[in-house]
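The values are calculated or read from the model by the stated rules, or taken from the named source; none is laboratory data. Note that this is a predicted model, so its numbers are computed, not measured. Here the Cβ is made from the backbone with ideal geometry for all residues, glycine too, and neighbour counts use every protein chain on show. In case anyone asks, the SASA skips ligands and DNA or RNA and just uses the protein heavy atoms, side chains included. Shrake-Rupley method; radii C 1.70, N 1.55, O 1.52, S 1.80 Å.
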Amino acid sequence: MVASLFAQPIVDISPSVAWQGKVIEVKIPAAGITGVEGKFLGQKFKLYPQEDNFVGIIGVPTDQKPGNYNLRLIITQTDGKTIEQVEMLKVWPTKFPVTRYWLKPSRNKLRARNIIDNEWSEIEKVLLHESEKRLWSGQFALPVKGEKSQGFGQLQIINGKRSGSHKGVDLAVPIGTKVFAPNAGQVVFTQKLKAFGGTVVVDHGQGIHTLYFHLSKFAAEVGQDVKQGDLIAYSGNTGVSTGAHLHWGMSVHNLRVDPEQWVKYEM
Ligand SMILES: [Zn+2]
């Protein structure tokens with residue numbers, strides 16, 4: 001038996017079940033620790049110092065098979081030694097309804113693979129950039145007040161063909177509705193795209209980004225710092241869209257998760 005002076009830190013995982021399409025928060029007391037890196041479902045993620053803890057947020061893919069998975073934490077102690085701690089996490093299924101809609105040919109042609117791929121690779125560049133500083137605090141607010149016309153993760157059948165799952169929440173609002181920053185962050189992307197339409201991305205720090213599609217007009221510039229409630233854009237019906245709405249997306253370490261969880265709970 002090997003004696004260790006270092007007691008295994010108690011890891012706080014919240015919520016205790018990892019729902020498909022949602023996030024979990026992993027917290028470790030910072031005492032005796034200089035750094036923590038996590039690995040879950042083959043993805044590495046960083047835990048950041050936050051008050052007396054190291055805190056990390058990880059997303060669960062919508063199509064992750066329910067079951068038990070290991071969450072590995074590589075902990076660097078103040079004495080320079082590295083230890084690995086393994087926690088078991090249960091992935092639980094989320095019910096995603098099926099939604100069918102029709103796109104007219106002029107809109108449907110914007111869904112061409114090469115257009116989507118090129119545009120997404122531009123957006124992804126900013127999502128991959130992970131700034132050390134946490135800019136958001138507390139709960140997120142809805143960027144617009146509107147009825148939800150399509151929820152996160154819904155399985156889409158477009159023009160009779162099975163398409164990918166819906167990567168955000170659609171809020172039905174008239175064209176020109178003011179879109180407000182749901183939390184503090186920095187505007188890192190504003191571009192008029194063919195498929196995604198007018199697009200804005202806000203970086204909230206530590207790998208958390210929010211995305212806004214189908215906009216008619218921008219009201220903030222790249223590099224601009226925003227706080228909760230600041231005007232960032234005006235909603236529209238541009239790109240692959242069947243009517244006036246805002247598509248609101250949330251990205252956690254470049255994985256799209258349900259933004260509604262962030263409005264309901266403090267992260
Ligand atoms: Zn949408």
Exercise. Scanning for something of a type in the set (A, V, I, L, M), more than 30 Å from L47 (Cα to Cα), open to solvent by 70 Å² or more (accessible area, probe 1.4 Å) and not in a helix (DSSP H, G or I), does segment 135-147 turn up at least one residue?
Worked result: no
For this session: Would you confirm whether any residue within segment 75-82 is surrounded by 14 or more Cβ atoms within 10 Å (Cβ to Cβ), within 23 Å of W19 (Cα to Cα) and in contact with a Pro (Cβ under 8 Å, 6 or more places away or on another chain)?
Result: no
Problem set entry | Number of positions in segment 105-129 that are more than 18 Å from G164 (Cα to Cα), charged (D, E, K, R) and open to solvent by 100 Å² or more (accessible area, probe 1.4 Å) | 1
For this session: Could you check, for segment 90-101, whether at least one of its residues is polar (S, T, N, Q) and within 27 Å of K148 (Cα to Cα)?
Result: yes
For this session: Can you confirm whether segment 200-208 contains a residue that is within 12 Å of the ligand (Cβ to nearest atom) and open to solvent by less than 20 Å² (accessible area, probe 1.4 Å)?
Result: no
Problem set entry | Leading residue by the ranking (least open to solvent (accessible area, probe 1.4 Å)) among those in segment 157-169 that are more than 9 Å from the ligand (Cβ to nearest atom) and assigned to a strand (DSSP E or B) | I158
Exercise. Any idea how many residues of segment 170-190 are part of a strand (DSSP E or B) and either within 15 Å of the ligand (Cβ to nearest atom) or closer than 15 Å to Q228 by Cα (or both)?
Worked result: 9
